[in-house]
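Please read the structure below before turning to the comments.
The values are calculated or read from the model by the stated rules, or taken from the named source; none is laboratory data. Treat the numbers as computed from the prediction; the structure is a model and nothing was measured. Virtual Cβ from ideal backbone geometry, glycine too; neighbours counted across all protein chains shown. Areas reflect the complete protein model, heavy atoms only, side chains present, ligands, DNA and RNA absent. Shrake-Rupley method; radii C 1.70, N 1.55, O 1.52, S 1.80 Å.
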Amino acid sequence: MNSAATVRSEPSGYFPQSAASRPVTERTAKFGRRQRLAIAPAAVSDLSLIYPEAVVASSQPLGWQNLRAFEMRQTISEWSMPPLENHCIVIHLGPSVDVTARIGDENFEQRLEPGAIIIVPAGLSVDWHQEDTPSHTLHLYLDPQFLRTTAESIDVDYGQVSIATQFGIRDEHLHHLGMSLRHELKDANVIGRLYADSLAQVLAMQLVRRYSYLKVLQTSRGGMAPRKLRKAIEFINDNLDQEQTVTLGAVAEAVQMSYFHFSRAFKQSMGISPNAYMTEQRIGRAKKLLSDTNLPIADIALRAGFASQSHFTTTFRKLVWTTPKAFRDRL
């Protein structure tokens, strides 16, 4: 790629930070010195190879191609694993529990509620301690090469992307994908395998688009200058509820670019098209209104910039895998 400029980028605001994690305490600092089970320092593909007795259900005999999934129940309160070869998503299935963990060089101490999600990037080790209660979790493992292929399919340079560690986050989309895969663990048939492999691709896209950051952002010929990119995003967010105002033509005009050049350059810089970005931002605003207000769904649809409630419901179901009403009812 011929680079016209190189910009150092902080982790993207595109994904939620683990703000709920409490500051490192003396208990956390001492965690690295706890007595732990001895394991080989070699990298492993997944935790089931270290604690096979904890596996309740496994995708191994089901012929899934693009990910491994394990439902696990740990009876021990403290466990460790060496650096993983694969990216790992852990979904907490059990009751609320206080956990102290070290992932790579980062320490976490937090109360995990049911549905809380932990993301462990490939290459990082994990030390885990919790209250003396059984641990019930779903582990999803994705090969970095599969993420690379998925990233390339949406025109993202995976070589410039790092997956970010997350601890105790809430993500309805990831949770729904995880629960769908958990259900498929019980259904050993060809349709189940094909469905699981398609969900794996969506899962990989979520990791790349929401839980990654650019190590070095290469602004190439045809890409947007950072100043114009910031201005375009600000314009979109300021006018998100005005479906007519925030047309691609209007955004392109605001940053003084042609419609065609803006569309291509925005996708090259952000990894997704302007339309896809606007849709995701509208859904994000709608989710907040559904969570924080008692507004009728028809009003929320308009405030989020959708032309009608039916259009809003169709789009919401496609991206969140549930209806706006069902999403609000679960809160």
Solvent exposure ordering (accessible area, 1.4 Å, most first) of Arg330, Arg102: Arg330, Arg102
Environment charge at Pro83 (Cβ cut-off 13 Å; Lys +1, Arg +1, Asp -1, Glu -1): -3
Length added when fully stretched, Gln145-Asp98, from 0.36 nm per residue minus Cα-Cα: 13.5 nm
Potential extension, Asp329-Lys231 segment - 0.36 nm per residue separation minus Cα distance: 31.6 nm
Inter-label distance, nm, simple model (7 Å from Cα along the C-beta direction), Thr314/His183: 2.3
Charge sum, other residues only, whose C-beta stays under 12 Å from Asp132's C-beta, Lys/Arg counted +1 and Asp/Glu -1: -3
Highest to lowest packing among 177-185, 202-210, scored as the average C-beta count within 10 Å: 202-210, 177-185
Accessible surface of region 97-212 [probe 1.4 Å, protein heavy atoms]: carbon and sulfur percent: 48
Inter-probe distance in nm under a simple model that places probes 7 Å from Cα toward Cβ, at Ser153 and Glu53: 4.0
Local net charge near Met72, Cβ-Cβ under 13 Å (Lys/Arg +1, Asp/Glu -1): 0
Heavy atoms of Thr149 accessible to a 1.4 Å probe, total area in Å² rounded to 10: 80
Net lengthening on full extension, Glu113/Asp132 (0.36 nm per residue, minus Cα-Cα): 5.2 nm
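Please calculate how many Å² of accessible area region 217-331 carries per residue, with a 1.4 Å probe and no DNA, RNA or ligand atoms counted. Show your work: numbers first, answer last.
On the way: 6100 Å² over 115 residues.
Computed with neighbouring chains in place, this is 53 Å² per residue.
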Inter-part distance where region 81-105 and region 53-68 are each reduced to a Cα centre, Å: 18
